[in-house]
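Structure record follows, encoded as structure tokens.
The values are calculated or read from the model by the stated rules, or taken from the named source; none is laboratory data. These numbers were taken from a predicted model, which means no experiment stands behind them. Cβ placement follows ideal geometry from the backbone for every residue including glycine, while neighbour counts extend to all protein chains displayed. Accessible surface is based on the protein model in full, side chains and every heavy atom, while ligands, DNA and RNA are left aside. Shrake-Rupley method; radii C 1.70, N 1.55, O 1.52, S 1.80 Å.
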Amino acid sequence: MPSAKLKFDGKLIEELSQKIPSTLFALNELLKNSYDAFAPSVTVKIEPSKQTITISDNGNGMGSSDIDKLFHIAHSSKSYGHTVEQDGIERITQGSKGLGFLAAFKFGDKVEWKTCKNGVHSSFSLRKSDLVSKEDLTGTEIVISTGTHTQEGTIITVYAGKEKIDGLLEDLSDPRVTEKLAATIVDDSFEIKIEFENHNQCYTTKKLKSFQLESEENQLFYVKYNSEENEVNFYNKGEHKASFPFSLKRTDYSVNVELIIFFFSSGRNSKSISPLNRRLHDDALYPLVYVNRNLFNNIVTFDPEVLRKKSSGKALPQMIGRVCLYSKSQEIDFNSDRTNFVENSFTKDLLKDLKSLNELIQTKGSELKNQLKKNTHGKKLPLGKAMPDLESNKLKKSTASILIDRKKAVDYYVPSAQINLEEFIFQVKNCQDQEVDKGEVNIIVDGQTSINKVLPSVEVPCKKEICFRYNDKNTGLVSSEVLLNFKELKSAISGKTQEKSLFTIPSSSKYCVDLETVSDLIYAIDKAYSSNFKDVFLPLIACSIRAIFEISSDKVFKARKSWFKPFDNSKFDSSVKREIKDSLLKNVVNVVILLKKNQSLVTEISTITEISYSTLNNLLDLGDFKNSVKTSHIGAHQSSRYLSKPKIEACAHICGLFVVICNVLINLDNNKISTLTITNVDESDLNAYLI
């Protein structure tokens, strides 16, 4: 069984998890992992009835090497601030020190991970109380259970006590916290959802109100600054009013700023503005600061009140918006609770630049405000929606788009489950680069419009052409297509390749049998059956199949002697005695009943062959195995005319499954066998199954 090793001091868990100051910060650390895994979305769910907190995503998941790195503090394969691309989507790497997983211990003593990558499902868990008691954890192994799965992603479950759950719910009852959590990463390709048990309300990134639309009747300025253009632009009621030059001290960071500045006249106030744009300690308005797209838990980096003490006449403190900082520099660093920068020459220059930019915006904005007031001859200031509808010709030239989720599987085995076709749509945008609800996309299956957008189960091999169409009101139709392929689940089991084989299993694993004689026989039978004289070869094929049954059962009986005890024939019912006169039939039945009595063996065979557990159990039909052995026994038939191609094909199918079962049992790792408790088959089992 695979494992990972801890590579840090046990006291470090307690120390670092205690330093995490807030719910917002702790959950943010976990959300960043989902973002780095290119998950389209992540869900945080709090369930008091189970006393659990789950963070689940549908990202890349973790393989064995990723899990190993997870537990190596101060080590990470990620390069913070660097852009990474996957399937046409660009993201800025968030993790850098391997500290993210410790955040989960803020909420509970036990944390469980379930993750799937490249079809391999892994699960493991840790208890903080077990670890903090040890001074040195180096080399401590974490057991990882593995299996197969098709849906990639990660689920982290924190088992929290009532006190921790109540504390978390109290924190998240404040929308100023919950909305910021939903906005903790600013990226259109990533959605954060926060769900509460038995609550209809769900906070989600997509439902947050844009700051540009807040209290439009009280907006004075829309301000935009991009350090690449070195210019601060002011807009009033959608019209460009002024530009002012501003350059940063350094080139190893960049700054983008978008602000809405309000003027609340007598009788008006800011109460209608969303909690997202308010400080926790005093409910005042302030712009959110993001560093490499991640919310910076700091309220003074771009302080709206920076000028109030100097000159209230030059201050415009009623502002909200986004201050976005970008840098790949290794000098950018934060204190342990991410409330401030670590002080160095880099961060000093950055903070000075932000303060200067803030002061310029407020002083120049105050001058512009006074000028606007003069232009109205002392009347009311012109207030209203400040942001222009079309800031540049770029928006007019944009095109609508439908992006397909290329991580979704397009190959299916029949019979398939029903398929929600909307899940293939990753993102839809109109010509103004605004996200469009997926419900506005029409879905056409093989030329027919799908009303409910669900593809019913497909039972026969075929191809389905799925077309996604959206009509943009300005630019017209945009469409995208996906071709789904439905095929039979079959894999030849011989170690030698044939285009078609009589011997298959319901798996795509291409399982190879290493019983040399058996492999040679399978190859020879397939050659004979693919010839133009297959009808003549049917008796020969039947005898050869019987030989395969005999060789396989003999080898498994010799390899696993302790599993197969001799029977006392006097204990069999008379009808059973007649059945088992054929010793081969008795041996084959013995193997099949052994599996039925020991589901742990079925699990091992399922894992190794990639035949689903439920399918394998259904295939262990004793009647099918009995009929196949009898079909292969030519001497028991009065005439070879008893044989037919359908009977031979059915017989070979069951024989192939039996070969694979025996091959797996023979090759099971001895360490694995030592963990299994095997119950032998006895006379009562044959009496029960064969009557």
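I'm checking my understanding of the structure. Among residues of the range 285-305 that are assigned to a loop (DSSP other than H, G, I, E, B) and out of contact with any Phe, Trp or Tyr (no Cβ under 7 Å at 6 or more places or on another chain), which one is farthest from V223 (Cα to Cα)? Going through the qualifying residues, I end up with N298. Does the range 553-562 include one or more residues that are surrounded by fewer than 17 Cβ atoms within 10 Å (Cβ to Cβ), farther than 24 Å from P506 by Cβ and either touching a residue at least 40 places away in the same chain (Cβ under 8 Å) or under 43 Å from the mean Cα position of the chain (by Cα) (or both)? Yes; the residues of the range 553-562 include at least one that is surrounded by fewer than 17 Cβ atoms within 10 Å (Cβ to Cβ), farther than 24 Å from P506 by Cβ and either touching a residue at least 40 places away in the same chain (Cβ under 8 Å) or under 43 Å from the mean Cα position of the chain (by Cα) (or both).
Go through the residues of the range 275-288 one by one and say whether even a single one is touching a Gly at 6+ places or on another chain (Cβ under 8 Å), under 25 Å from V84 (Cα atoms), modelled with pLDDT of 90 or more and open to solvent by less than 60 Å² (accessible area, probe 1.4 Å). Checked the range 275-288: at least one residue is touching a Gly at 6+ places or on another chain (Cβ under 8 Å), under 25 Å from V84 (Cα atoms), modelled with pLDDT of 90 or more and open to solvent by less than 60 Å² (accessible area, probe 1.4 Å). Would you mind telling me which numbered condition in (1) modelled with pLDDT of 90 or more; (2) exposed (fewer than 13 other Cβ atoms within 10 Å of the Cβ); (3) closer than 17 Å to E359 by Cα S272 fails? All conditions pass for S272, except number (3).
Return a yes/no flag: does the range 592-600 have any residue that is over 23 Å from R560 (Cβ atoms) and either among the aromatic types (F, W, Y) or in a helix (DSSP H, G or I) (or both). No: zero hits. Only residues that are modelled with pLDDT of 90 or more, within 15 Å of the chain's Cα centre (by Cα) and not in a loop (DSSP other than H, G, I, E, B) were counted across the range 34-79, and they come to 11. Take N590 and tell me if it is buried (at least 18 other Cβ atoms within 10 Å of the Cβ) and either modelled with pLDDT under 90 or out of contact with any Leu (no Cβ under 6 Å at 6 or more places or on another chain) (or both). Answer is yes for this residue. Candidates in the range 199-238 are the residues that are without any contact (Cβ under 8 Å) to a residue 24 or more places away in the chain and in a loop (DSSP other than H, G, I, E, B); of these, the one that is most open to solvent (accessible area, probe 1.4 Å) is N200. Note on the range 538-560: residues that are within 18 Å of D669 (Cα to Cα) and either of a type in the set (D, E, K, R) or outside any helix (DSSP H, G or I) (or both) total 3.
Restricting K581, K596 to those that are over 46 Å from the mean Cα position of the chain (by Cα) and open to solvent by 40 Å² or more (accessible area, probe 1.4 Å) reduces the list to K581. Sort out which residues of the range 150-198 are of a type in the set (F, W, Y) and crowded, with 21+ Cβ neighbours inside 10 Å, and write them in order of number. Listed by number, the list holds a single entry, F190.
Among the residues of the range 94-108, none qualifies, meaning not one is modelled with pLDDT of 90 or more and either hydrophobic (A, V, I, L, M, F, W, C) or assigned to a strand (DSSP E or B) (or both). Among the residues of the range 455-501, the ones that are in contact with a Ser or Thr (Cβ under 9 Å, 6 or more places away or on another chain), at pLDDT below 85 and surrounded by 13 or more Cβ atoms within 10 Å (Cβ to Cβ) come to 10 in all. Quick check: anything in the range 306-316 under 22 Å from Y80 (Cβ atoms), open to solvent by 60 Å² or more (accessible area, probe 1.4 Å) and either among the small types (G, A, S) or part of a helix (DSSP H, G or I) (or both)? No, the range 306-316 contains no residue that is under 22 Å from Y80 (Cβ atoms), open to solvent by 60 Å² or more (accessible area, probe 1.4 Å) and either among the small types (G, A, S) or part of a helix (DSSP H, G or I) (or both). A search for C-beta distances below 6 Å between a residue of the range 410-429 that is farther than 13 Å from V441 by Cα and any residue that is charged (D, E, K, R) and open to solvent by 30 Å² or more (accessible area, probe 1.4 Å), counting only pairs 6+ apart in sequence or on different chains, returns V414/E459; P415/E459.
Criterion first (surrounded by 14 or more Cβ atoms within 10 Å (Cβ to Cβ), in contact (Cβ under 8 Å) with a residue 24 or more places away in the chain and over 27 Å from the mean Cα position of the chain (by Cα)) does S450 satisfy it? Yes; evaluated as a whole, the condition is true for this residue. Would you be able to say whether some residue in the range 241-252 is open to solvent by less than 10 Å² (accessible area, probe 1.4 Å) and touching a residue at least 24 places away in the same chain (Cβ under 8 Å)? Checking the range 241-252: not a single residue is open to solvent by less than 10 Å² (accessible area, probe 1.4 Å) and touching a residue at least 24 places away in the same chain (Cβ under 8 Å).
Filtering the range 313-331 to residues that are closer than 21 Å to A183 by Cβ and among the aliphatic types (A, V, I, L, M) leaves M319, I320, V323, L325.
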